[in-house]
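This report concerns only the one structure given below.
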Amino acid sequence: MEKTKNNLRKNVVNKYKLIYLPLLISLLAPFIISISSFYINKTFLLEQVKQDGLNLTKQVTKQIERNEASLDIINEMLEQQIKTTGKMVIKNEKNLSDDFLIELAKDSQIDELNWINDNGETLYSNIEAYRGWIPFKGHPLYDFVRSKDQELMEDIRPDAKFGIPTKYGSIKNANGYFVQVGILADNIQKLTQKFNYQKLVEELAQEENIVYVTIVDTNLKAIADSDIEDIGIVYDSIEEKKLKEAIKGNIGTEEWFYDKIDKKLLEITVPIFIDGEITGALVIGLSMESVYSSIYTIFVTSSIISIIIFLIFLWVQNKNIIKPVNQLNHNINQIDVENNIAYRLPLVDKDTFWGLTYSINNLLDKANTYLYQLKENQENLKISNQEIVASYQQLTASDEELRAQYDEIQNYTSYIEHLAYNDNLTNLPNRRSFLEKLEESINKNQSGAVMLLDLDNFKEINDTLGHTYGDKVLSKVAQALISIKDEKVVISRFGGDEFLVLIEGEKDITEIENYAKKVTNIFKNKLMVEENSVYIGCSIGITRYPFDSNEVNQLIMNADLAMYKVKDLGKNNYMFFKKEMTEKLKEHIEIERILREAIKEDGFKLLYQPQVCTYTRSIVGFEALLRLKNHSISPAVFIPAVEENGMIIEIGRWVTKEAINQISIWKNNGVDVKSIAINFSAKQLDDLDYITFLENELKKKNVESKYIEIEITESIFLDKKEETIAFLNKLRSLGIKIALDDFGTGYSSLSYLTFLPVDKIKLDKSLCDKFLEMENIAVMDNIISLAHSLNLEVLSEGIEDIEQYNRLKVGGCNYIQGYLFSKPIEVAEVEKIYNTVFL
C-alpha cells in the first residue's frame, strides 16, 4: 500500500500524454516550415536588397541636387544680410558709436562691424582690436578706399588681425565713408554644413549594411568618400569602365566579393544630375552578409526553437505544478500563531498557488491587526496625558514672561515709524515721505520741479543675475543719486526701479535741466557692484510746479507721461512734460474704452481674405482678420493697444472661437470645408490655458484640427525661445499647422528656418515687391527653393497684379494671397466666391 502511494506521488502528471507527445508534434512542425521558408526567403531577400539599394541611390542623388540649390541660396541670402546690415549702419551714421555697432551686430547676428572713413581709418568697431586700424597696401580694402566702387563683396578670407576665416562685404556712403560687415566662416559653416557632399556621404555610410559610399566627378576623381583617405583618387581602368557608364547616364548593379572586408556585397552606380546635366556619379556598396546570414539563420533558428520549446515545456510543467505543491505544504507547516504571529507565507509572483497563499496571509493579517490595535490604544492614552500636562504648563506662564514680550513690542515702535517714511532697501525717503514733502512745498507757494527716474532694462538684471543682485544695484544707484543732493534737492525711492527727485524753490528751467544732466552723467560711467562692472541707463520725466499743475497726483502723472515718452524715443534721456502728452493719453484711453466696450457688447467681427492655390487657382483657405464693427480704427492702432493692456488674451480666444464656429457652419451646410488661418500674438503666450481652450472648442464644434492654421511672426521668439518652441510643438501635435508670417522683414529669418517648428512661410509684400522684378527674380526663386528643401510650403502676400502671379507660379510658390483675387470680405461675401476658380 505504501509503495502504491509513493508511485502515485511520483506520477502525479502523465508526462507522456501531457508533455512528450505534444512536444514531438510541436518540434516537427517548425522544422518542416523552416526548410520551405529557406528557399522562398532566399530568392525574395536577394531581389528586395537590390530594389532597396536602387531606391536609396535615387533618393541620395535627388538630395545632392537639392543641396546644390540650397548652397547657392544661402550665399545669396548672406550677401543680402550683409547689405541690409550695412545700409542700416549708413542710415544711422550720425548716431554711430562702438556701443551702437556692438548692439546692432548682436541683434543682426553679424560677427564684425567696422565704420571706416574715406582715408581707410576705422573709426568705430564692435571689436576693440580694429578701432583705429588702417588697411595696408595689398589688402582688399586698400584698393576699395581709393576706387569709385560703392560695394565690395569678398569671398571668405583670413581677417587682418587674427587670421580667422571671415566673409566680408563693404558699402560706401555718399562721402566715401563706408561700413565693413563680416560673418565668421564657422557660422557660415553651420548653415552650409548639412548640404556638403562629404557630410552627406559620412551620414549615409553610418546607415546599416552600407560598406562604402563614393562620389566622383566627370573626370572619375573621388570628391567625397566614406573613407577620407580615398578622396582625390582617380580610379583605374577596371573601375573606370563601370563608372563611365554612369557618367553616360546609365545605372549599374553588380554583386561581387570585396577582399578588403572579406565579404560579399552589392555595388550600385548611378549618375548625379545638377540642373539637368550629369556632374558625376554616386557609388554605394551594400553588404550582403546580413542577407545571406538571414537566409541560413532561418533554418538553423527554426531547428533550435524546436529544441528550446521541448526543454521549456518540460521545465514549465516541473516548475509550475510539482515544485509549487511541495513548497506550499512546507510553508503552511511554518505557521505558528502563538510564537510567531508576524510570519507570512512567501508570495511568489505568478506562482500557481498565489491566490491560495494570498488568502491565507489575509487571515494572518486580521489576527495581527487586532493585536496592534490594542497596543496603539495604549500609546494614544500616553500621548493624550502628555498633551494635557503641556497645556497646563502653557496656561501657567509667569507674569515676567508676559512683561518681557510687552517690552520687546515697545522696542519695535520706533523702528516701525522709521519704516513708515523710509525705504528699507536704500534707506532713502519713501513715496509717502516724498508726497508729503511735495505737498508742503506746494502749500508754501514755492516753485520747483519733480523728476521721475526709471532705470532702463533693469528687468534683465533681475532675470539674469537674480533679484538679490538687483537689490544691490538699486542700493548703488541710490548712493550715486545722493551725491548730487544739495539744500534744494530731495531724493526718494518711488518703488521698484523708480526714483523721485524733488527740486524746491527753483523756477529757472535751465537750472532744472542742469540737475537732470547731473543725473544722466551718473549713468554714463559704470557702477561697481560686487567687483563687477554694471552699465545701466535711465529715462527721466520732468514736470514743473505750479507751471504744469499744483496737484500732487497730477504732477506725478505728468512726470510719468514724460518718462514713458523718453522710453518710446529710445530711452537713456530726459524730457519735460508737455500738454500734448495728456491729449495723447486721452486718445489712448478713448481707444481702450472703445475696445473694452467692443469686448463687452460683441463689437468685433472677422473679415476673410482668400488664400488661392497657385496651380488650380481655386481657394484653399482664408486668413481671418479682426475688425471693429462700429468704428473705423485701423488694426495697426488697436492691435498694439490690446497687446499692451492684456486684452489680447480675451480677444485672441474670441477670434479662435469665431473661426472654429465658422468652420462648423460650413461643415453643417455640407460644403467642402476650407481651413482658416488666425494670427497669434507673442502676448498670447501668457494665456497658459490656450491649448486646452482650443482643444475644447474643436471638440465642442466637432471640427478637425487640420482646418485651423496659426500664424506667428519672428517677434514671438524674442523672449522665452525654448518655451515658445515647446508651445508650438504641442500645437502641431494636435494636428494644427503653423505658418511664419511676414517672412523677409526681419534679420534672422534664414537661421530661424533651420529649427523653428513651422509648416509654411508667408513671404511679406515688401519682399515680393522688391524681388519679383525681372532683374531680381532669381532671388525669389531661390528663397522658394530653399523653403521647399526644408519641407516648407510657401504663400506670397500682397499680390496685386497678374505679372507677379505668373512669376511666382514659375518659381514654384504654393499659394497666393492679395487684392489680385480678393480684398478681405464679410462672411456673406465669402459664400459667393467659395468655389470660384480665379483668372
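The values are calculated or read from the model by the stated rules, or taken from the named source; none is laboratory data. The model shown is predicted, which means the values in this text are computed figures rather than measured ones. Please note: Cβ atoms are built from the backbone with ideal geometry, for glycine as well, and neighbour counts cover all protein chains shown. Surface areas here come from the heavy atoms of the whole protein model, side chains and all, with no ligands, DNA or RNA. Shrake-Rupley method; radii C 1.70, N 1.55, O 1.52, S 1.80 Å.
For the reader, a short list of remarks on this structure follows.
- Subset of the stretch 246-268 (residues that are in contact with a helix residue (DSSP H, G or I) (Cβ under 9 Å, 6 or more places away or on another chain) and open to solvent by less than 50 Å² (accessible area, probe 1.4 Å)): 252, 265, 266, 267, 268
- Applying the condition of being of a type outside the set (Val, Ile, Thr) and over 39 Å from the mean Cα position of the chain (by Cα) to the stretch 560-599 and asking which residue is least open to solvent (accessible area, probe 1.4 Å) yields 577.
- Considering 320, 362, 333, the condition of being modelled with pLDDT of 70 or more and open to solvent by less than 70 Å² (accessible area, probe 1.4 Å) is satisfied by 362 alone.
- Considering the stretch 118-167, the residues that are open to solvent by 70 Å² or more (accessible area, probe 1.4 Å), closer than 16 Å to residue 89 by Cβ and not acidic (Asp, Glu) include one that is farthest from the chain's Cα centre (by Cα), namely 150.
- Taking each residue of the stretch 504-528 that is without any contact (Cβ under 8 Å) to a residue 60 or more places away in the chain and within 25 Å of residue 472 (Cβ to Cβ) and looking for partners that are open to solvent by 80 Å² or more (accessible area, probe 1.4 Å) and among the aromatic types (Phe, Trp, Tyr) with beta-carbon atoms closer than 9 Å, six or more apart or interchain, yields 523/535; 525/535; 526/535; 527/535.
- The selection criterion, being over 17 Å from residue 170 (Cα atoms) and either modelled with pLDDT of 70 or more or in a helix (DSSP H, G or I) (or both), holds for residue 54.
- Counting only helices (runs of 4 or more DSSP H) that fall entirely inside the stretch 98-195 and contain at least 2 residues that are in contact with a His (Cβ under 7 Å, 6 or more places away or on another chain) and within 30 Å of residue 786 (Cα to Cα), no element qualifies.
- Any hit, the stretch 757-771, residues being closer than 19 Å to residue 609 by Cβ, touching a Cys at 6+ places or on another chain (Cβ under 8 Å) and crowded, with 16+ Cβ neighbours inside 10 Å: yes
- Residue, modelled with the highest pLDDT, within the stretch 765-781, restricted to residues that are acidic (Asp, Glu) and farther than 14 Å from residue 77 by Cβ: 769
- Criterion: within 23 Å of residue 762 (Cβ to Cβ), of a type in the set (A, V, I, L, M) and surrounded by fewer than 18 Cβ atoms within 10 Å (Cβ to Cβ) - qualifying residue of 671, 620, 612, 642: 620
- Residue match in the stretch 704-712 (condition: touching a helix residue (DSSP H, G or I) at 6+ places or on another chain (Cβ under 8 Å), small (Gly, Ala, Ser) and open to solvent by 30 Å² or more (accessible area, probe 1.4 Å)): no
- Residue ID - nearest to residue 88 (Cα to Cα), chosen from residues in the stretch 168-184 that are open to solvent by 20 Å² or more (accessible area, probe 1.4 Å) and of a type in the set (A, V, I, L, M, F, W, C): 174
- Matching residues in the stretch 426-446 - criterion: being more than 17 Å from residue 557 (Cα to Cα) and either without any contact (Cβ under 8 Å) to a residue 60 or more places away in the chain or assigned to a loop (DSSP other than H, G, I, E, B) (or both): 426, 427, 428, 430, 433, 440, 443, 444, 445, 446
- Filtered by the rule that a residue be in contact with a strand residue (DSSP E or B) (Cβ under 9 Å, 6 or more places away or on another chain) and either open to solvent by less than 20 Å² (accessible area, probe 1.4 Å) or basic (Lys, Arg) (or both), the stretch 682-703 gives 694, 698.
- Selected residue (criterion: nearest to residue 709 (Cα to Cα)) from residues of the stretch 784-812 that are acidic (Asp, Glu) and open to solvent by less than 60 Å² (accessible area, probe 1.4 Å): 793
- Going through (1) hydrophobic (A, V, I, L, M, F, W, C); (2) in a helix (DSSP H, G or I); (3) open to solvent by less than 50 Å² (accessible area, probe 1.4 Å); (4) closer than 24 Å to residue 688 by Cα one by one, residue 626 falls short only on (2).
- Evaluating residue 440 against the criteria (1) among the acidic types (Asp, Glu); (2) within 19 Å of residue 541 (Cα to Cα); (3) more than 49 Å from the chain's Cα centre (by Cα) leaves one unmet condition, (2).
- Residue that is modelled with the highest pLDDT, among those in the stretch 269-296 that are in a helix (DSSP H, G or I) and open to solvent by less than 20 Å² (accessible area, probe 1.4 Å): 291
- From the list 823, 762, 809, the lone residue that is over 19 Å from residue 79 (Cβ atoms) and in a helix (DSSP H, G or I) is 809.
- Search result, residues across the stretch 515-541 that are of a type in the set (Val, Ile, Thr) and either assigned to a helix (DSSP H, G or I) or under 24 Å from residue 575 (Cα atoms) (or both): 519, 520, 522, 536, 540
- Some residue of the stretch 436-455 being within 14 Å of residue 574 (Cβ to Cβ), modelled with pLDDT of 90 or more, open to solvent by less than 80 Å² (accessible area, probe 1.4 Å) and not hydrophobic (A, V, I, L, M, F, W, C): yes
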